[in-house]
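None of the figures in this text is laboratory data; all of them are computed from the coordinates on show. Small disclaimer: the values here were computed from a predicted structure and weren't measured. Cβ atoms come from the backbone with ideal geometry, glycine included; neighbour counts cover every protein chain shown.
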């Protein structure tokens, strides 16, 4: 990879998963946010109910660090 390039893992859950492969390893050439990841996968960011990076809940504007694990979940409900 070139300077500034990095890779990260993405896992998609629930109703978001049928739109794309559930687990993927992606490469990036520079800074990107969790929102950018969703868009890149063809997922409407408004359909994401919960996002985590390395197991910590984050907003869609959170930067994705190199070699991280991003998880996208649909809105959750239940009791």
**OP:** Starting from segment 13-32, keep only residues that are touching a residue at least 60 places away in the same chain (Cβ under 8 Å) and at positive phi, then list their pairs with residues that are surrounded by 12 or more Cβ atoms within 10 Å (Cβ to Cβ) and not in a helix (DSSP H, G or I) whose Cβ atoms are within a distance under 7 Å, requiring at least 6 positions of separation or different chains.
**Re:** 14/73; 14/74
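Show me the strands (runs of 3 or more DSSP E) found entirely inside the chain where at least 3 residues are surrounded by 11 or more Cβ atoms within 10 Å (Cβ to Cβ). Step through it out loud before you land on a result.
Numbers: elements: 6-12, 23-28, 50-53, 56-58, 69-73.
Where strands (runs of 3 or more DSSP E) fall fully within the chain and carry at least 3 residues being surrounded by 11 or more Cβ atoms within 10 Å (Cβ to Cβ), they are 6-12, 23-28, 50-53, 69-73.
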